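Here's the structure we're looking at; comments come further down.
Derivation of every value follows stated rules applied to the coordinates shown; laboratory data play no part. Source: prediction; values computed, not measured. Here the Cβ positions follow ideal geometry from the backbone for every residue, glycine too, while neighbour counts run over all protein chains shown.
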Amino acid sequence: MQSVESWCGFTSAIDDGDRKALLDAIVVLGVFLPVWVREGFFEAWEKYRQYKVKTFDEAIGVKRVKGQHLEAARTREVLRPQIIFEVYYLHAKGAPLDQGTFEKVGRDLGISGGEASRIFSEPESDDLREIVRNLRISD
């Protein structure tokens, strides 16, 4: 049986270098996403495709902070989901949300417990924390 992706031609278009096909695939396959995700993405993509904005960043309302240290920001963004998922996984297994849990997660990721705690608590982590708190986590 042929997959939806190949039936729609997205995989071959992407393989051929058409990177816009990736975004088009999200629009089409977005029926499987929650309504708020689908509608938010579709609205931004339409603004971009119809040249109502200059960049896709502008369409989705993302703006980089000027003067930010990019390497440190990249590292934090790689660590952020790992920290949040691991902290909540341990918490679901009975670990308290305390410094000991952050120390364990930090050790596992090669950073200090304090750094793990800071990244976990940053405003940039708010949305992901909210999503993960509402997930059912099991083995």
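In the chain, helices alone account for a calculated mean residue ellipticity at 222 nm of -19500 deg cm²/dmol, with every DSSP H run of four or more residues adding -39,500 (n - 2.57).
In what sequence do D24, D98 fall when counting other Cβ within 10 Å, fewest first?
D98, D24
Using the Cβ of R129 as centre and a radius below 12 Å, the other residues enclosed give a net charge of -3, where K and R count +1 and D and E count -1. Of all aspartates and glutamates in the structure, the ones whose alpha carbon falls short of 19 Å from that of K93, not counting any fewer than 8 places away in one chain, are E103, D108, E130, D139. When you filter the chymotrypsin sites (Phe, Trp or Tyr not before Pro) in segment 43-108 for DSSP loop state and at most 10 other Cβ atoms inside 10 Å of their Cβ, you are left with Y51. Dividing the mean sequence gap of close Cα pairs (under 8 Å, 6+ apart) by how many residues the chain holds gives a relative contact order of 13 percent. Placing unit charges on the Cβ atoms only, positive for Lys and Arg and negative for Asp and Glu, gives segment 70-133 a dipole magnitude near 200 debye about its Cα centre. Just one of (i) 18.9, 70; (ii) 17.3, 46; (iii) 19.0, 51 is Rg and Dmax of the Cα atoms in Å as worked out from the coordinates here. Which one is it? Matching entry in (i) 18.9, 70; (ii) 17.3, 46; (iii) 19.0, 51: (iii).
For segment 70-133, what percent of Cα pairs sit more than 14 Å apart?
On the way: 1026 of 2016 pairs.
So the pairs more than 14 Å apart make up 51 percent of the total in segment 70-133.
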